[in-house]
Amino acid sequence: MPGTRTAVIIGAGLIGLSTADSLSRRGVEVTVLDARPGPVRGTSFSNSGMIHPSQARSWSPSRSSTRAQCDAESAVRELATESMPLLLSRMEELGLDEMRARPRGCYQIFPDLDAARAVQTQLASDGITANVVIDPGRTFSRPALFFPDDRSGDARAYGCALEAELARRGVTFIYGADDVRMRWDSEAGRVAVSLAGHRFRADDVVICTGERSAETLAPLGLGARISPVRGWAVDFDLPETHDLPPVPVMDSVSRSALTVFADRFRLSGTWDEDSARPLLERWAELIPDVLSAAGQARAVWSGLRPVSDAGRPYIGAAPIPADRGDTAGEPGTPSRLWVNIGHGHMGWTLCAGAGELLAAMMVGEREDGRFAYGG
């Protein structure tokens, strides 16, 4: 259709799909490219399932308490709060009734009651509701915080359902696109995208490539201060002789969680470990009888979280780099290249809100400097 705005999105994970969703709803003609053979094959392929605004704070062991870090975490928490109702609405539209109806809340267990209360005090100052509980059946007899405003769901199932709906609405998906080429176009601020010799007609290009964002942006003379932080997931069949908590249980010591899904339970998380062994050893301490009854693992998976140095995602227009100003436009000015990257452990929680925010910025409905690009 003449005059229809067009966009190419690089990345078919939860962030790319959510951005495509929000742009498509605004009448933008969207094409999504991904090097993998299908959607949601990266960070969210086998994640914990937690939708947790309560965890907006950085999980990095080197987290600082600087004003900039606190402001970044406050912005993430605000976006997570905006994202939650939108994500639940999308679930309803997609017919994911069982996912939407999952019990509310998440637990986080601590070594002792003092540690739980100390974190509760910190969270209260951020406006997060957390109740101290000890429930032998749900917190494995450990002191815990219960977050009533958190939710959970299968991120991959959601992503696949969303991709199918987007395809039905006319969004084009091209997988196995491992040779995408980008360069600054002769028209100021625009990026030319080609694949296997075919050039895409695109008014805007959006980068949603998670931990691969730095290498994606490099040919354009841009960087991305994002560190890939490895996490692990191990799935088990549900044991017949043990009742497991219906909501996720996080372990504050190992930055990991146990989540029950329809036909399995999953142990997932840790921070940049080389193998799943520390994850399994920790949960063998916490739930030895459950793991013994569950038997052999059903699947082991590893993925990389895209953790930004700023402690928040980068959502917005990328600037034209100084060394490309002769062809791309005025150096330092915003371009028609957009980023939605660096969501760390919060991708599932933030996806709907992050996609909506960037789409609104792209079509001029909203300005927001909280997540300005950092390269």
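The numbers here are math on the coordinates, done by the rules we state, and not lab data. Since this is a predicted model, take the numbers as computed values, not measurements. All Cβ positions, glycine included, derive from the backbone under ideal geometry; neighbour counts span all protein chains shown.
See the values below:
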{"read-out": "Amide H contacts of Gly189 (H built 1.01 Å from N, under 5 Å, at least 5 apart or other chain)", "value": "Gly329"}
{"read-out": "Descending semi-axes in Å of segment 44-131, equivalent ellipsoid built from Cα gyration tensor", "value": "26, 17, 13"}
{"read-out": "Relative contact order (%) - segment 217-375, alpha-carbon pairs under 8 angstrom, separation at least six", "value": "25 percent"}
{"read-out": "Rounded to whole Hz, the Karplus (6.51, -1.76, 1.60) HN-Hα couplings of segment 210-221, x for glycine and proline", "value": "x, 5, 9, 5, 4, 6, 5, 7, 3, x, 9, x"}
{"read-out": "Translational diffusion of segment 163-322, µm² s⁻¹ [Kirkwood Rh, Cα pairs; Stokes-Einstein; 37 °C; 0.692 mPa s]", "value": "171 µm²/s"}
{"read-out": "When the chain is reduced to its Cα atoms, the Kirkwood hydrodynamic radius in Å", "value": "21.3 Å"}
{"read-out": "Translational diffusion coefficient (Stokes-Einstein; Kirkwood radius from C-alpha pairs) of segment 1-105 at 25 °C, 0.890 mPa s, in µm²/s", "value": "150 µm²/s"}
{"read-out": "GNM result for the chain, Cα springs below 10 Å: residue of His345, His52, His198 fluctuating most strongly", "value": "His198"}
{"read-out": "For segment 4-47, diffusion coefficient by Stokes-Einstein and Kirkwood Rh (Cα), 4 °C, 1.567 mPa s, µm²/s", "value": "120 µm²/s"}
{"read-out": "Relative contact order [Cα under 8 Å, 6+ residues apart], the chain, whole percent", "value": "25 percent"}
{"read-out": "Per-residue [θ]222 nm for the chain (sum of -39500 (n - 2.57) over DSSP H runs n ≥ 4, rounded to 500)", "value": "-9000 deg cm²/dmol"}
{"read-out": "Linear extension gain, Ala293 paired with Arg181, 0.36 nm per residue minus alpha-carbon span", "value": "35.3 nm"}
{"read-out": "Ratio of the Cα radius of gyration of segment 114-166 to 2.2 N^0.38 Å, where N counts its residues", "value": "1.63"}
{"read-out": "All-pairs Cα distance distribution in segment 121-230, expressed in whole percent, bin size 5 Å", "value": "2, 8, 11, 13, 13, 12, 11, 8, 8, 7, 4, 2, 0"}
{"read-out": "GNM top mover of Ala322, Ala196, Ala218 - the chain, alpha-carbon springs below 10 Å", "value": "Ala196"}
{"read-out": "For q = 0.13, 0.22, 0.24, 0.25 Å⁻¹, Debye-computed log10 I/I(0) when each Cα of segment 160-213 counts as one equal scatterer", "value": "-0.42, -1.05, -1.14, -1.17"}
{"read-out": "Ranking of Met182, Met250 by count of other Cβ atoms within 10 Å, fewest first", "value": "Met182, Met250"}
